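Colleague: One structure, as structure tokens, below. Some questions next.
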């Protein structure tokens, strides 16, 4: 629901080495936090690297779930469009009608994913994976 009405789309045109296509990519992204590159992949942006990564994680997971459900023959059932829009506003922190704000969720998610990396790939610290904690 986070990306309801908040994702740009771009058709595949080959490797984006052409400045005209690069401008079309920027135009397609507009002020959206995500872009679906048709036949190519996903792109997300964020105020911080953690926010961009978590958006990518959520968008990729949503795409995987939808693809698996569709492949299994399940009908895609979405909530009423008004509920989808409300949820997207809530997740973006744009809903003033809520009594509570979930302004700590991204920080908590990032910390949890980082702990998972610490447990499953502790050798990331030695640089053998090509990155360190600060990168």
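The values are calculated or read from the model by the stated rules, or taken from the named source; none is laboratory data. Worth saying up front: this structure is predicted, and the values here are computed from it rather than measured. In this analysis, Cβ positions are derived from the backbone assuming ideal geometry, glycine residues included, and neighbour counts consider all displayed protein chains.
Colleague: Can you tell me which residues in the stretch 22-52 are under 16 Å from residue 91 (Cβ atoms), out of contact with any strand residue (DSSP E or B) (no Cβ under 6 Å at 6 or more places or on another chain) and assigned to a helix (DSSP H, G or I)?
Modeller: Passing the criteria: 50, 51.
Colleague: What number of residues within the stretch 1-21 are in contact (Cβ under 8 Å) with a residue 24 or more places away in the chain and not in a loop (DSSP other than H, G, I, E, B)?
Modeller: Adding up the residues that qualify gives 4.
Colleague: Which ones in the stretch 117-135 are at pLDDT below 85 and part of a helix (DSSP H, G or I)?
Modeller: Residues satisfying the conditions are 124, 125, 126.
Colleague: Contact list please: Cβ distance under 6 Å, first residue in the stretch 51-77 and over 16 Å from residue 1 (Cα atoms), second residue assigned to a helix (DSSP H, G or I), pairs at least six apart or on different chains.
Modeller: Taking only residues 6 or more apart or on different chains, the pairs are 51/106.
Colleague: Determine whether residue 55 is in a helix (DSSP H, G or I), surrounded by 11 or more Cβ atoms within 10 Å (Cβ to Cβ) and either out of contact with any helix residue (DSSP H, G or I) (no Cβ under 9 Å at 6 or more places or on another chain) or modelled with pLDDT of 90 or more (or both).
Modeller: When the stated conditions are applied, residue 55 passes them.
Colleague: Kindly provide the set of residues from the stretch 38-50 that are closer than 20 Å to residue 1 by Cα and either out of contact with any helix residue (DSSP H, G or I) (no Cβ under 8 Å at 6 or more places or on another chain) or touching a residue at least 60 places away in the same chain (Cβ under 8 Å) (or both), ordered by number.
Modeller: Passing the criteria: 38, 41, 47, 50.
Colleague: Related question: Could you list all residues from the stretch 9-33 that are under 26 Å from residue 50 (Cβ atoms) and touching a helix residue (DSSP H, G or I) at 6+ places or on another chain (Cβ under 6 Å)?
Modeller: Across the stretch 9-33, the qualifying residues are 10, 16, 33.
Colleague: I've got another one for you. How many residues are part of a helix (DSSP H, G or I) and either modelled with pLDDT of 90 or more or farther than 15 Å from residue 54 by Cα (or both) when one looks only at the stretch 89-111?
Modeller: 2
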